[in-house]
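Reading through the structure tokens given below for one structure.
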Amino acid sequence: MTEPCSIGTARNQLRDAIAEFQAPTCDPLTVTPWIAMSALQKAIRRGQDGLAQRAAATLLSTSPERLWRRCGCIAFEDIGVADLDTVAAVTAALAGKRFRASLGGEWAVASFIVSKMVQHRNVALRTICSWAQSFIPPMSGRGSISPVGPPPT
């Protein structure tokens, strides 16, 4: 994000993105809502879009309020500041059932934000790792780790 984003801007961007998105068809998992919530979060963390979509379909059919709460938690906990656009899209999707209906329905919105979180999870991890590496000072001189060759004598 290059400039501050209001929730209105995030909603408009979400509307535009969903208009171009083709929601996948998938069968829900035959598990409890608690297992589905866990599977959703783990699949997003592992970049497994198919499993994440099936877990989302399960929650949407059995406990939609749990799906939306969990998506909000995942966006803030697992994506966070590494990808504010994704967090803004998920936050906009939490606006309510009527808003999601205006975007194409619950499944269109759910499958889009789950897909977006899966895609951007890896970007978030790379961003955080790069940021963390900037705090590690380079080692030089005696006792440093040399990538090639024997230690100095």
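The values are calculated or read from the model by the stated rules, or taken from the named source; none is laboratory data. As the structure is a computational prediction, the values presented were derived from the model and not from experiment. Don't worry about glycine lacking a Cβ; one is built from the backbone with ideal geometry, like all the others, and counts go over all protein chains shown.
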Which one of the conditions (1) at pLDDT below 95; (2) closer than 24 Å to SER130 by Cα; (3) of a type in the set (Ser, Thr, Tyr) does SER6 fail to meet, given that it meets all the rest? (2)
Among (1) under 25 Å from CYS129 (Cβ atoms); (2) out of contact with any Gly (no Cβ under 9 Å at 6 or more places or on another chain); (3) surrounded by 13 or more Cβ atoms within 10 Å (Cβ to Cβ), the one test that VAL87 misses: (2)
When you scan region 77-100, do you find a residue that is β-branched (Val, Ile, Thr) and touching a Leu at 6+ places or on another chain (Cβ under 8 Å), even just one? no
Criterion violated by GLU77 - all others in (1) among the acidic types (Asp, Glu); (2) without any contact (Cβ under 8 Å) to a residue 60 or more places away in the chain; (3) surrounded by 15 or more Cβ atoms within 10 Å (Cβ to Cβ) satisfied: (3)
Go over the candidates ALA108, ALA57 one by one and state the one that is over 15 Å from GLN41 (Cα atoms), surrounded by 15 or more Cβ atoms within 10 Å (Cβ to Cβ) and either in contact with a Ser or Thr (Cβ under 8 Å, 6 or more places away or on another chain) or among the hydrophobic types (A, V, I, L, M, F, W, C) (or both). ALA108
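Quick one: would you say THR86 is more than 19 Å from the chain's Cα centre (by Cα) and among the β-branched types (Val, Ile, Thr)? Please lay out each step first, then the result.
Details: more than 19 Å from the chain's Cα centre (by Cα): no; among the β-branched types (Val, Ile, Thr): yes.
No, not satisfied.
So which residues in region 88-118 are part of a helix (DSSP H, G or I) and of a type outside the set (A, V, I, L, M, F, W, C)?
If we filter region 88-118 for residues that are part of a helix (DSSP H, G or I), which is where we start, we get 88-93, 97-102, 106-118.
Correct list: THR91, LYS97, ARG98, ARG100, SER102, GLU106, SER111, SER115, LYS116.
Here are VAL114, VAL109: which of them is within 19 Å of the chain's Cα centre (by Cα), closer than 30 Å to SER130 by Cα and β-branched (Val, Ile, Thr)?
Answer to the check: VAL114.
Rundown of residues vs (1) of a type in the set (Val, Ile, Thr); (2) within 25 Å of ILE7 (Cβ to Cβ); (3) in a helix (DSSP H, G or I), yes/no style:
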site	(1), (2), (3)
GLN22	no, no, no
GLN41	no, yes, yes
ALA75	no, yes, yes
ALA132	no, no, yes
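Of the residues ARG11, ARG66, ARG46, only one is in contact (Cβ under 8 Å) with a residue 40 or more places away in the chain and either on the phi > 0 side of the Ramachandran plot or among the basic types (Lys, Arg) (or both); which?
Working: ARG66 fails: in contact (Cβ under 8 Å) with a residue 40 or more places away in the chain; ARG46 fails: in contact (Cβ under 8 Å) with a residue 40 or more places away in the chain.
That would be ARG11, the only listed residue that is in contact (Cβ under 8 Å) with a residue 40 or more places away in the chain and either on the phi > 0 side of the Ramachandran plot or among the basic types (Lys, Arg) (or both).
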Residues in region 28-48: is at least one touching a Gly at 6+ places or on another chain (Cβ under 7 Å) and not charged (D, E, K, R)? no
